[in-house]
Structure formats: structure tokens, C-alpha cells
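Heads up: the structure comes next, in C-alpha cells.
The values are calculated or read from the model by the stated rules, or taken from the named source; none is laboratory data. The shown structure was predicted, so the numbers you read here are calculated from the model rather than taken from an experiment. Positions of Cβ are backbone-derived with ideal geometry, glycine not excepted, and every protein chain shown enters the neighbour counts. We work out accessible area using only protein heavy atoms, side chains counted, and drop any ligands, DNA or RNA first. Shrake-Rupley method; radii C 1.70, N 1.55, O 1.52, S 1.80 Å.
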Amino acid sequence: MKKVLIPTKLDRVAAELLAANGGYEVIQDAKTPLPELVAAHPDTHALIVRSEKIQAETIDALPQLKVIVRAGAGYDTIDIRHARVKGVNVMNTPGANSNGVAEEVIALILADARHIIRADRSTREGKWEKKQLMGRELTGKTVGIVGLGHIGRLVAKHLKGFDNRILGYDPLIASDRVRDMGIEPATLEEIFSRADFITLHVPLMDSTRGLVNEALISQMKNGATLINCARYGIIDEDAFRKFKAEKNLRYLNDVYPKDAEGDKPNADIADIMMPHLGANTFEANFNAARMAAEELIDLDVKGDLACIVNRDIPAGLERSYSELAYTLANLVRQISGPLPIKLLETSFYGDLKPFQKWLLVSILAGIWHDFDPYNDVKAGMKLLEENGIRYIDRDVSDQKGYGNSITLDITVELPDKSMKLYSVRGTVTEGIQTVSRIDEFDRLYFEPKGVTLFCLYNDRPGVIATIARRLADAGINIEDMRNPHNVKTHRSLAILRLNIAPSANLVADIKDAVKADSVISTFV
Ligand code: NAD
Ligand code: MLT
């Protein structure tokens, strides 16, 4: 059992998912101070945290720690470099809590523009300050978004109904992609000089510390509003202080040097101050907790490295492709059976090429379930070498039009010492894993999901009817089916997704009745 420590008030769904998986012992305790908890559980395998600071001492005190999952977006609270030195992977949950923040931005803009807080207070006091509380409308104004990641692009989406002109800046996103989001690409200078509302959605890093500097603030329009629901430190607040009164600037703020009670350094310049509430919604807490647990399980089981933020993984590795690599490997191995593998060949098409070595980890985890995904690719290559397996990553051309796909071939040695090749190819379509080829059967396009029966047979009339009858007699329903035929070999492949797993006896019976190579596979 792997021990997971959750020293925070995270939604219980994380602990429930991990417990349901069966491989984890979960300790969730938001009351005991972190150093005490850590001392009591030195055998911790994974930490799941929210905004708790995880520094070198905590990492050093947990010698078996393999992973820290930040149930949230920003991981500036974790010493990711020290974690790397100690071989600890740090993951975040990208996008899980974005909607909470995006909605907070709109709430802040409207609350400030319509004086909601002041109006409530004054009306309760018995006053009638209609004249003093003349507001401004958001509709039709220019909004500038700095950082067009998960949150920035959601803010743009939610603003659609307000008919805003939306300017956006993100050096890592191509202008065409920005336009596709309904956002006009702009420089920082253009945003600060043209926008009525400017909202920041960048991480705090060396390159973004003090990003909003005096030169930019000095260009802001009179009466413009700056919103910071990202991180403290991105704005040079002393510079903002200089221009605040002169330009009648508004400042709506959610972030501070630390999340704690006490005086706040920007209280004099902020018009609305929130105690870091952006992601503080039930929905965001639930989504981040669920994603944190799923990521941990997927890393442990499937070698899914896509959410690791402290390894030199190039940006853009998507979880769905790590999962696909694992699924294809699992599938090809189930079809081949446990015969010794002599050759492993991979082809990564389209945008997947840069991720070859990272996806290989998932492939190895899919073939050898005891392969430790915390091992790096070098350990994977060593495993192949020790087992006498040659590995070839083919240099492929994209002219075949396979899009972003993976082909995985294994050559196994049969008992008579001859070799047999098993081959699968798959892709992700509309977010769904899709197996497009198994051996000579192309254009399959089936979703590897649930219990699936594969039968490879010499084609003749009545085979499907025989299989269907056997299944029906056992009360098993066919939920989906592919049945391609190869005109050259006269072979057919039946792929049947079933509502219930058939017994081993029933699979053997079907195999015997239709003289097929049959295998049952359960995909998760
Ligand atoms: P994200 O990683 O999806 O997006 C960040 C974007 O910033 C990326 O597209 C990146 O290319 C861009 N970027 C990096 N450097 C930039 C620069 N110099 N100028 C412009 N763009 C730059 O992250 P996200 O989920 O959108 O979250 C953004 C940040 O918001 C997080 O890092 C976190 O610090 C903060 N956050 C705050 C709350 C809250 O409760 N207030 C909640 C979630 C996230
Ligand atoms: C985040 O980065 O996810 C947010 O700031 C949420 C938080 O820290 O509570």
C-alpha cells in the first residue's frame, strides 16, 4: 500500500478515489501541523496539498516521497527544484479550478463598476446615495487579458455576452490561436494603453515578477481598472501607488505575499480586497481534488507524466496521449499473450514526436505492469536491454496523414522460435482515445473502454451469429461492435464491447465454437 498524506481541507473525493483504487492508504488531516504529520508518517509516498508551503525540510523528512500533487494551478508554494534534486515529481492540476477564478474576475469587475459593496453598506445604514453611486457598464468596453492559459481564455469566453473588445497577450501562444479564441493579439504596451479593464493570469516566475512595471502602469487610461487574481509580486505596487490618484485607477485584488491574517501591504491602493478566493468554490475544490487523485493513480499505474512540472518535459504533452500510449501497449500485450518480446518499435506522428521518450514510459508501464514509472527513460532502456529487447523509434513522415497518432509494434518469439509481429495504432479524436488499427485491420476507430472481446477468425458465414448467441445465452449484451474483413487473407476480426465480463469458460467455448484466436481485454 502506498501512503498518501493530505494535510489540507481538500474535498474528500480525492481520499475516496484513492481508497477505492485499493492501492493506497490515505491520511487526510487538516488539523495537525504539517511538521508533526510528516514526522508521524515518514513512509509517505505522495503528498497532496493546496496552498501549503512545501519546502526543502518537508521533502527531506520524507525519504520515500515520490510525488507532490498541488491540487491547484500555481506551484510557487513548492520548492520544485529541491524536489527535483531529491527525485520527487511535482504535479499540478491544470484547469481544474480555472472557472472559479474566471467567474471571480467578472464578479469583481461588476461589483466595483456598480459599487455593490459600498451600496450595500450605505443602504443598510439607512442612507439613499443614488447620486453618489452612479456606476459604469462593462458592456462594450475594452478588456485586456495578460496570460491566455486556462484562466485567461475562460475569462474571454465568459465575457462574450458583454460585447467587449478583448485584447490578449501571451508570448507562448501563436497569434492565430489567440484569434481563434475571439481575442485580438496585442502587446503589453497596447493592452495597458488601450484597455478599460486589465486582468492578469500569468504564473509567478522570475520572468513575471514585476512584469506590470512603472512603464506599463504609466500608460494606463484614466479610470482604468487593474485586476490581480494571479499572484502577489506580478505588479510593481509602488509604481501603481504613484499613479493611482492622478489617473483615478481602480485596483481589484485577490493575492498577497502570504495567505494569512494580518495587515495587507496593498490595502491603501486596493479598491476591493479578497482573501485569495479565486478558486475557493465547492466546484473548484472538488475538481482539483478529483484531478489530483486521478493524476496520482495515472502516474503510478500508467506512467502518465503529462502533469509533472519539475522535469524537463517540453510544454504540450497532453494526458490523453500518455493514456493512449499506455492503452495501446496494454492492448498489444494482451493480444500477443505472454510470449517473449524481441523487438519493440514505436512511431510517433504529428505533434507527438517531441514527446517520444516521455510517452515511452507509459508504453513500458503498459507492457510491464511492474515497471516503475518513477524511473526515467534511461531505466526503461536498461529494462529493455536486460530482457534482450531491441528498441527502434522509427523516423516517420507525416505525409501519411495520421495526425497525432502512435503506432506500436512488438515482435514476439513463438515456441518454435519463429517471430510474430503484433501491431496497433491509435489516436485521440474529440478527446476520446481511439484505436485505429490492429495488425492488418485498418480504420477500426473503436474506443478502448470497458470489457472488450477480440476474436480473430477465418471468415465464413455465421461466425458473428454464433458468438452473439453464446453471449446472449449467458445474459451478456453487446454494446458496440466492429467487424472488419481482410479480403487478401480472408481473416476477420470481431471487436465486441460487452456489458459484463464473460467467464474464462465462456471465452474458451466461443474460441472453440468459431475456431478463433480470442482474447478478452478490460480497459480502464
Ligand atoms: P496556465 O499555465 O494555464 O496559463 C498561464 C499562461 O500564462 C500560459 O499560457 C503562459 O504562456 C502565460 N505566460 C507565461 N509567461 C507570460 C508572460 N510573461 N506574459 C504573458 N503570458 C505569460 O495557468 P492558469 O491556470 O491560467 O493560472 C494562471 C495563474 O493564476 C496560476 O499560475 C496561479 O498563480 C494563478 N491562480 C490563482 C488562483 C486564485 O485563487 N486567485 C487560482 C488559480 C490560479
Ligand atoms: C491556485 O493556484 O490554484 C490558486 O491560487 C488556489 C489556491 O492557492 O488556493
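Among the residues of the range 337-344, is there at least one that is open to solvent by 50 Å² or more (accessible area, probe 1.4 Å) and within 30 Å of Q64 (Cα to Cα)? Looking through the range 337-344, none of the residues is open to solvent by 50 Å² or more (accessible area, probe 1.4 Å) and within 30 Å of Q64 (Cα to Cα). Please enumerate the residues belonging to the range 57-78 that are away from ligand 1 (no atom under 16 Å from the Cβ) and in a loop (DSSP other than H, G, I, E, B). Within the range 57-78, A61, L62, P63, Q64, L65, K66 qualify.
Among residues of the range 185-213 that are in contact (Cβ under 8 Å) with a residue 60 or more places away in the chain, those with a Cβ under 6 angstrom from a residue that is outside any helix (DSSP H, G or I) and among the polar types (S, T, N, Q), sequence gap 6+ or separate chain, pair up as F197/T225. For the range 70-84, the set of residues classified as closer than 22 Å to A306 by Cβ and not acidic (D, E) consists of R70, A71, G72, A73, G74, Y75, T77, I78, I80, R81, A83, R84, listed by residue number. Residues in the range 301-330 that are part of a helix (DSSP H, G or I) and either within 30 Å of D416 (Cβ to Cβ) or open to solvent by 30 Å² or more (accessible area, probe 1.4 Å) (or both): V301, R319, S320, E323, L328, A329, N330. Scanning the range 467-500 for residues that are open to solvent by less than 60 Å² (accessible area, probe 1.4 Å) and basic (K, R) turns up just one, R497. Being surrounded by 15 or more Cβ atoms within 10 Å (Cβ to Cβ), within 17 Å of the chain's Cα centre (by Cα), touching a residue at least 60 places away in the same chain (Cβ under 8 Å) and not assigned by TED's automatic domain parsing to the domain that holds I106: is that true of R333 here? The answer is no for R333.
Starting from residues that are within 16 Å of ligand 2 (Cβ to nearest atom) and open to solvent by less than 10 Å² (accessible area, probe 1.4 Å), keep the ones in the range 231-269 and report whichever is nearest to K53 (Cα to Cα). Among those that are within 16 Å of ligand 2 (Cβ to nearest atom) and open to solvent by less than 10 Å² (accessible area, probe 1.4 Å), it is V255.
Out of all the residues in the range 109-122, is one or more outside any loop (DSSP other than H, G, I, E, B), without any contact (Cβ under 8 Å) to a residue 24 or more places away in the chain, open to solvent by less than 60 Å² (accessible area, probe 1.4 Å) and away from ligand 2 (no atom under 16 Å from the Cβ)?
Initial filter on the range 109-122 (outside any loop (DSSP other than H, G, I, E, B)): 109-113, 116-122.
Then keep just the ones that are without any contact (Cβ under 8 Å) to a residue 24 or more places away in the chain; that gives 116, 118-122.
Now restrict to residues that are open to solvent by less than 60 Å² (accessible area, probe 1.4 Å): 119, 122.
From the residues that got through so far, the ones that are away from ligand 2 (no atom under 16 Å from the Cβ) too are 119, 122.
Yes, some residue in the range 109-122 is outside any loop (DSSP other than H, G, I, E, B), without any contact (Cβ under 8 Å) to a residue 24 or more places away in the chain, open to solvent by less than 60 Å² (accessible area, probe 1.4 Å) and away from ligand 2 (no atom under 16 Å from the Cβ).
Listed by position, the strands (runs of 3 or more DSSP E) enclosed by the range 153-259 that each have at least 2 residues that are within 11 Å of ligand 1 (Cβ to nearest atom) are 165-169, 197-200, 225-228. Within the range 14-32, being hydrophobic (A, V, I, L, M, F, W, C) and either in a helix (DSSP H, G or I) or open to solvent by 50 Å² or more (accessible area, probe 1.4 Å) (or both) holds for A14, A15, L17, L18, A19, A20, A30. Residues in the range 426-449 that are open to solvent by less than 20 Å² (accessible area, probe 1.4 Å), in contact (Cβ under 8 Å) with a residue 40 or more places away in the chain and part of a strand (DSSP E or B): G426, V435, I438, F441, F446. Looking only at the range 88-105, decide whether some residue is under 25 Å from the mean Cα position of the chain (by Cα) and more than 16 Å from ligand 2 (Cβ to nearest atom). There is at least one residue in the range 88-105 that is under 25 Å from the mean Cα position of the chain (by Cα) and more than 16 Å from ligand 2 (Cβ to nearest atom). Annotation: F282 fulfils all but one of (1) away from ligand 2 (no atom under 16 Å from the Cβ); (2) over 19 Å from G74 (Cβ atoms); the unmet one is (1). Applying a threshold of 6 Å to beta carbon distances and a minimum spacing of six or more residues, or different chains, the list of pairs starting in the range 149-161 at a residue that is on the phi > 0 side of the Ramachandran plot and ending at one that is at pLDDT below 95 and within 15 Å of ligand 2 (Cβ to nearest atom) is empty.
Looking at the range 79-98 only, could you name the residues that are near ligand 1 (Cβ under 10 Å from one of its atoms) and either of a type in the set (S, T, Y) or in a helix (DSSP H, G or I) (or both)? Steps first, please.
Kept after step one, since they are near ligand 1 (Cβ under 10 Å from one of its atoms), are these residues of the range 79-98: 92-98.
Within the range 79-98, T93, S98 qualify.
Considered as a group, the residues in the range 69-87 that are under 14 Å from the mean Cα position of the chain (by Cα) and hydrophobic (A, V, I, L, M, F, W, C) include one that is nearest to ligand 2 (Cβ to nearest atom), and that residue is A73.
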